[in-house]
Amino acid sequence: AGGAAAPPPRQCVLDPRSELRVEVPPDAPLRVRLVAGTAEIFGTELPPEGWVPIPPRSKIAIFTWHGATLELDGVTESEYPSEETPMVIYVNTHAILDARRARARAAAAQGGDLEASQVQGPRVIVVGPTDSGKSTLCKMLLSWAAKLGWKPTYVDLDIGQGSITIPGCISATPIEKPIDIVDGIPLEMPLVYFYGHPTPSINADVYKVLMKELAKTLERQFSGNAESRAAGMVINTMGWVEGLGYELLLNAIETFKANVVLVLGQEKLWKMLKDAVQSKPNIDVVKLQKSEGVVLRNSKYRQKTRSFRIKEYFYGIANDLAPHSNIVNFSDVSVYRIGGGHQAPRSALPIGAEPVADPTRLVAVNISTDMIHTVLAISYAKEPDEIISSNVAGFIHVTDVDIQRKKLTYIAPCPGDLPSRLLIASSLTWYEA
Ligand code: ATP
């Protein structure tokens, strides 16, 4: 990267049902243009005219059903066409889900004495090891559904590489139109619960409680909205599929009442899940081929992406936002940590009593210089004891802590006072370069 002269604009002719796989470098722009035919990026059609900027660091496939001529302008780390894709299988899966949505809508329109399951559209959960293409399949299923006028709910349980907001969160948002190639998932009204760490093992009980809260809120929203109930959900999960990770997948299937489990790229996981849900009626566990185009990302890369996601929250995808710096007195805010509180030492307990740690206990945290560079979430809770059951309004990034003057300096994406004085601490950090 850096210094290499950009190649001249070039054309690429794609056969029907093939894709051009492209990796964009972190620091050089790329744009693509449809010259002839039709093509889509992960379920979203390229506009018939005009250049589309592809964000830095993107790894994408431009797929065509009927053939296309593309023009590329800019630098890529790699670009190659492929005719071997699982897209036909994926779109067939979409067609089955679509039929289920139509059935749910028709049942709801008929009215009468109906069971909830009759008016409930598909609740799809996509599972598989890391880099099996889960997020990508979710995007495609959502964009194809939205293109047909459905408004499915996207639920992202991946706290490591989530696609809705910053890492460390589980969140949901309705998808009302195909996902924008440049802007990604719309952020107007996401429902976000803050876990605060990139891996669930730090406090799996809190992760489970937050899933429950999110599911409860969605259930409430669906009960008043037949349209989104019929459209259903597409749920993205973590790539951790062994041990505790597997247990959390089962927990997610149950919590969100998933009725379609799509397993990407791992026979063993498919078999395990199939056996595990066997006794439950009406859950289909389907094995799907993974795409060879999915790009492998090592842990260093993942760590980097996490930090970019945090930066993006404050500075915008194209570095086009200016965050606002602000100062509060320590006394103006209360910072809490959910769980992770160390259990009482044995010496502090009555003789014979066993120390019991409540893993979801709320712990008040003193503001200290350790907080510099970390992210704090702003809770919608009115009282501290509501924090775990409340979603969050947004995030701030601590840039300085002045112990002497008892002042905390932070940046936020919007100007003005904090919408709440209750903040949640996290282990998520980002260092301004
Ligand atoms: P994780 O569990 O680690 O979050 P995942 O299973 O959700 O990963 P994705 O995020 O869908 O995997 O895919 C990994 C990367 O590969 C992404 O950057 C995605 O854009 C890219 N990718 C997916 N499919 C293709 C393809 N057909 N061609 C090129 N790149 C692709």
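The values are calculated or read from the model by the stated rules, or taken from the named source; none is laboratory data. Predicted model, so just to flag it, every value in this text is computed and none were measured. Cβ atoms come from the backbone with ideal geometry, glycine included; neighbour counts cover every protein chain shown.
The residues in the stretch 90-125 that are of a type in the set (Val, Ile, Thr) and out of contact with any strand residue (DSSP E or B) (no Cβ under 9 Å at 6 or more places or on another chain) can be counted, and the count is 2. Scanning the stretch 183-214 for residues that are under 21 Å from Tyr301 (Cα atoms) and in contact with a Pro (Cβ under 9 Å, 6 or more places away or on another chain) returns Gly184, His197, Pro198. Only strands (runs of 3 or more DSSP E) whose full extent lies in the stretch 7-67 are considered here, and the ones with at least 3 residues that are over 23 Å from Leu142 (Cα atoms) and touching a Gly at 6+ places or on another chain (Cβ under 9 Å) are 30-37.
If you go through the stretch 242-257 one residue at a time, do you hit one that is more than 25 Å from Gln120 (Cα to Cα), at pLDDT below 95 and of a type in the set (Phe, Trp, Tyr)? No, every residue in the stretch 242-257 fails to be more than 25 Å from Gln120 (Cα to Cα), at pLDDT below 95 and of a type in the set (Phe, Trp, Tyr). Taken as a whole, the structure leaves Arg101 outside the set of residues that are within 20 Å of the chain's Cα centre (by Cα) and either modelled with pLDDT under 90 or more than 15 Å from the ligand (Cβ to nearest atom) (or both).
The sole residue among Glu176, Glu77 that is among the acidic types (Asp, Glu) and out of contact with any helix residue (DSSP H, G or I) (no Cβ under 9 Å at 6 or more places or on another chain) is Glu77. You will find that of Arg10, Arg57, Arg21, the residue that is within 16 Å of the ligand (Cβ to nearest atom), touching a residue at least 60 places away in the same chain (Cβ under 8 Å) and more than 19 Å from Glu292 (Cβ to Cβ) is Arg57 and no other. Only helices (runs of 4 or more DSSP H) whose full extent lies in the stretch 169-283 are considered here, and the ones with at least 3 residues that are among the charged types (D, E, K, R) and within 18 Å of the chain's Cα centre (by Cα) are 204-223.
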